[in-house]
Amino acid sequence: MTMTVTETAEAVFETVADVAGDVREILGSRRSEEAAVNPTGDQQLAADVYTDELLATQLLALDGVGSYASEERETVTDADEGGEFHVACDPLDGSTNLKPNNGMGTIVGIYDERPPASGDALVAAGFVLYGPITTMVTAVDGTVTEYLVDDGDRTLLTEGVTIPDEPGVYGFGGRVPDWTDQFAAFVSHVEDERLTLRYGGAMIADANQVLTYGGIFGYPMLVDRPEGKLRLQFEGHPVAAIVESAGGASSDGTRSLLSKTPSDLHERTPLFVGNTELIERLESQLA
Ligand code: FBP
């Protein structure tokens, strides 16, 4: 059966909402139990592995899904039955926030190419945010929609989410002494603009602050780590698609994250999302 982008995206987000219900239930019992080390060297928690396995099993069973890739597994897993779309996930973004009970997310990108896939091949993206309540934000056909997720069911909150024109908050990862001089100069500019610092250590929670209040989030290039920390396929493309669809911009410091193609599935990139004027200012400061 041939599935359209919209049908596949709907089925994927329905499944991810369902999994989010299960994930929410088990988080309390899997806060610090360590599992192994993931392909990019991060310590995995039992919750990372549990979420990854649940997503893989349920997404690969969908008609339109041909493969599943994730930050938690080395290689792409193919579906038994083929399917024209491919899902790439960060199952639990910011999972080190589990121990201190802070925000975390699940990030999803749907591609019409098997990963490693270009930003052009991204056809829909979404994330779940496990905060005081569970919400889901999706970007399909250029429209950003926010839902409340309760026990696996979605209720529409806002259709046509847009980033506020006036920037309100900023947050940047990496140790300050490891920032490059040009990036540190840009941060001084942002501070002069009287934005409020918001940094929580989970990209999707921090990016959602920016979607809600306007501003800029970034995990920059570092002096000894020019590639930054975050992964292009699992974190960069999806959050870029969502923020750009909401009227903002994304960048790796020089160009939109959606113009980039990872040569390796787990490739990292400096990552910035936010109001277009701030992203343009960043790019000219770093040039
Ligand atoms: P994980 O996906 O392994 O959790 O790492 C990604 C991440 O947690 C992002 O969500 C967050 O922006 C960043 O790392 C925080 O890094 P740092 O601890 O260096 O501030």
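The values are calculated or read from the model by the stated rules, or taken from the named source; none is laboratory data. What you see is a predicted model, and the numbers here were worked out from it, not measured in a lab. Don't worry about glycine lacking a Cβ; one is built from the backbone with ideal geometry, like all the others, and counts go over all protein chains shown.
Could you list, in sequence order, the residues of segment 150-179 that are crowded, with 19+ Cβ neighbours inside 10 Å and touching an Asp or Glu at 6+ places or on another chain (Cβ under 6 Å)? Passing the criteria: Val161, Gly171.
Within segment 228-239, residues that are closer than 16 Å to Phe172 by Cβ reach partners that are at pLDDT below 95 and within 12 Å of the ligand (Cβ to nearest atom) with beta carbons closer than 9 Å, at six or more positions or on different chains, in the pairs Lys229/Thr40.
Which one of these is among the aliphatic types (A, V, I, L, M), more than 15 Å from the chain's Cα centre (by Cα) and crowded, with 24+ Cβ neighbours inside 10 Å: Leu257, Leu278? Give the derivation first.
Details: Leu257 fails: more than 15 Å from the chain's Cα centre (by Cα).
Answer to the check: Leu278.
Identify, please: which residue in segment 72-97 is surrounded by fewer than 23 Cβ atoms within 10 Å (Cβ to Cβ) and under 16 Å from the mean Cα position of the chain (by Cα) and is, among those, farthest from the ligand (Cβ to nearest atom)? Here the residue is Asn97.
When you scan segment 147-181, how many residues do you find that are in a strand (DSSP E or B) and within 16 Å of the ligand (Cβ to nearest atom)?
Counting residues in segment 147-181 that are in a strand (DSSP E or B) and within 16 Å of the ligand (Cβ to nearest atom) gives 5.
Within segment 229-244, the only residue that satisfies the criterion of being within 15 Å of Ile279 (Cα to Cα) and surrounded by fewer than 24 Cβ atoms within 10 Å (Cβ to Cβ) is Glu244. For segment 21-71, the candidate set comprises residues that are at pLDDT below 90, at negative phi and of a type in the set (Gly, Ala, Ser); within that set, the residue that is nearest to the ligand (Cβ to nearest atom) is Ala47. Listed by position, the strands (runs of 3 or more DSSP E) contained in segment 182-287 that have at least 1 residues being more than 14 Å from Phe127 (Cβ to Cβ) and away from the ligand (no atom under 16 Å from the Cβ) are 249-251.
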